[in-house]
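Notes follow once the structure below has been shown.
Derivation of every value follows stated rules applied to the coordinates shown; laboratory data play no part. Computed from a predicted model, the values in this text were never measured in an experiment. All Cβ positions, even for glycine, are placed from backbone atoms using ideal geometry, and neighbour counts span all protein chains on display.
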DNA sequence: CCTGCTTTCTACAACGTTGTAGGCAACGTT
DNA sequence: AACGTTGCCTACAACGTTGTAGAAAGCAGG
């Protein structure tokens, strides 16, 4: 059975509001009264009804994290950090999987979980700034690149810079025919566009040609897509000596395809990824990658949301950048 | 701004309750009235306040899924299936990460998210039947092995049978010195114990000795633990020709350690795992594993919860078993 | 002993929703 | 013409909580 403030109040011989005051840490309660109430709470194992509290206060203590897919390791790792960061604020995190489609994302953003959550941390793939503009402006923090200069707070990393840096690393190793895997022409592909830009920048800076034939598209960024893209690069005869994959799962797929083709990594082809997922630290060979500071991304997102909730909801949108670093591993380092 | 039934009612010129009836699909509403109300709902972009509805009805339409760690791929994949299965019932899933500790799990089970959720699907590591016995019995479905014959509904797979089968497969390939990685002595290690039992059964059935030195413990079941356990097996000099790892992440770590030791898989050592996570389909070599039917596990869990919510809450606990099959891949199949 | 202040507590209303009870037409049956 | 039945709708109360207003008791200062 479930007890209410009223039950506790009767047992302790005080009013309902006094129990509420004790629960909420109100100071002007006599110590012996407080003790009596706390005892009653313990005896009845009383827990506040969050729905009722929410109805009254307008806050639930729950925020949502919406990501395209949980079984993409990057998002699972990110979720872990967001849950941890939110715990510091006493928040529970409701994790929502959008699937990445534009319509599904619109539903989530417009608040299918309406009235249950105080705010939303949202990692959209397909959503555009216009989609967001028409919405109910529940406090929201966006992760990633898609909705540039939209109406909401934003945590990003410098995709162009990171892509340029890791491509330059490959060039510095003496590689000259550097392929890229993961380009996308769809509006969903904002990260892809930025990483491609960084890749092209690095080539240009080194005086290398940008060769369209070395750039392989990937409809999604799963292992299977990386493997397929790598295979098509190999059969097309362009003979790359390095591959920059736009995320780690693509890179793991590419490693697989190279292995099947009998090519050695890094001797014949160097491979780099992006995201620093745990798999890449144990793959054969281990994977050189761009490591965004996920803990920092999560913390910044939660802090932005907290400020938005407590402070001025109409203040203009802020954009914060999280750091990254290169993780050099076996897939580029000759033994 | 956010609108209420009252706003819609005023706009449509009807009572609040009539709007509520339209929203809830009550039949006795004149078509023209219904149309007027629906128009007003659309114009105001009205959404019901779930907290208020819950307060009144005692249902939120939200269930929680509590797992030890989201960045263990098995749980992430499971989460995906649970979210999908729950959607069929119109439920939103709140995903909770317990961390796997006994105290944290007790907090979750006793309902830190109290009153916000209708029920709980729970994959405990450390919790004991006694822990659960004292709790508030919110409808709960348990996944996995730990709390055998506890008070709650339960979805399991036949760990002993699956472990026996995959070990027998190794024996059938002619392997004789078969190591096991992942044993645990702690109370958390229920799955470990069952899989070890199946392993020992298979050895006995084939007339092979159970050799303590071939069984390596793993404090957790991460890649790093698998790699460490494999290294210690190799340095101990027991020279296994096959390894049964109690889950896939352990196996991926073991593959890594074998690679570092210069041993070939499967030529020198065959490796098998358990869980069929996506990584194992792309690792080098790809991983032979026990593939539990995760979609079925998720569906059974959600259905059990639905029955518990709608039906008799005091009916005795049920235990359902989900199927599994062996996935034979490169880590055991000679080319 | 009165006044004004502080501390401690209580009664009441309200948050947005839905179940219950009931009213009023319109209809068909006697 | 009176009656019961049905369809459609409304008023009210209640779910459990907390903010507001204010009462009662204690205290200090005159």
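Couple of notes before you dig in:
- Pairwise centroid distance, computed over Cα atoms, of segment A:26-75 with segment A:276-335, Å: 30 Å
- Other copies of residue A:236: label-to-label distances in nm, shortest first, labels 7 Å along the beta-carbon direction: 5.0
- Computing FRET efficiency as 1/(1 + (r/R0)^6) for residue B:211 and residue A:213, where r is the C-beta to C-beta distance and R0 is 51 Å, gives about 0.35.
- Helical mean residue ellipticity (222 nm; -39500 (n - 2.57) per DSSP H run of 4+; nearest 500) of chain B: -13000 deg cm²/dmol
- Peptide B:48-61 shows a mean partner chain C-beta count of 5 within 10 Å per residue C-beta.
- Degrees separating the helix B:159-172 axis from the principal Cα axis of chain B, which is the longest one: 40 degrees
- Percent of beta bridges antiparallel (DSSP, chain B, rounded to nearest 5): 10 percent
- Relative contact order (%) - criterion: Cα under 8 Å, at least six apart; region: chain A: 15 percent
- Column: log10 I(q)/I(0), Debye, Cα scatterers of the protein assembly as shown, q = 0.05, 0.09 Å⁻¹: -0.27, -0.86
- With a 10 Å cut-off around each Cβ of A:71-77, the average count of Cβ atoms from other chains is 5.
- Approximate spin-label separation residue B:319-residue A:321, in nm, with each point projected 7 Å along Cα-to-Cβ: 5.8 nm
- Distance in nm between pseudo-label sites at residue B:4 and residue B:158 (7 Å out along the Cβ direction from Cα): 5.8 nm
- Restricting the calculation to Cα atoms, chain B yields a radius of gyration followed by a Dmax of 25.2, 85 Å.
- Relative exposure of B:89, A:244, B:246, A:282, judged by other C-beta atoms within 10 Å (fewest first): B:89, A:282, B:246, A:244
- Three-way shape label, segment B:38-104, alpha-carbon gyration tensor, a/c 1.5: prolate
- At q = 0.15, 0.20, 0.21, 0.29 Å⁻¹ the log10 of I(q)/I(0) for segment B:1-68 amounts to -0.52, -0.80, -0.86, -1.29, computed by Debye summation with a single uniform scatterer per C-alpha, solvent ignored.
- In nm, spacing of pseudo-spin labels at residue A:52 and residue B:176 (7 Å Cα→C-beta vector): 7.2 nm
- Exam field: residue A:187 pseudo-label spacings to other copies (7 Å along Cα-Cβ), nanometres: 5.5
- Exercise: per-residue mean of other protein chain Cβ atoms within 10 Å, B:37-47: 1
- Three-way shape label, segment B:159-292, alpha-carbon gyration tensor, a/c 1.5: rounded
- For segment A:239-295, the Cα gyration tensor yields ellipsoid semi-axes of 20, 11, 9 Å (square root of five times each eigenvalue, largest first, whole Å).
- Over all projection directions, the Cα-based convex hull of segment A:217-335 averages an area of 9.0 nm².
- Label point 7 Å beyond Cα along the C-beta direction, distances from residue A:38 to other copies (nm, shortest first): 5.7
- Ranking of A:81, B:199, B:26, B:74 by count of other Cβ atoms within 10 Å, fewest first: B:26, A:81, B:74, B:199
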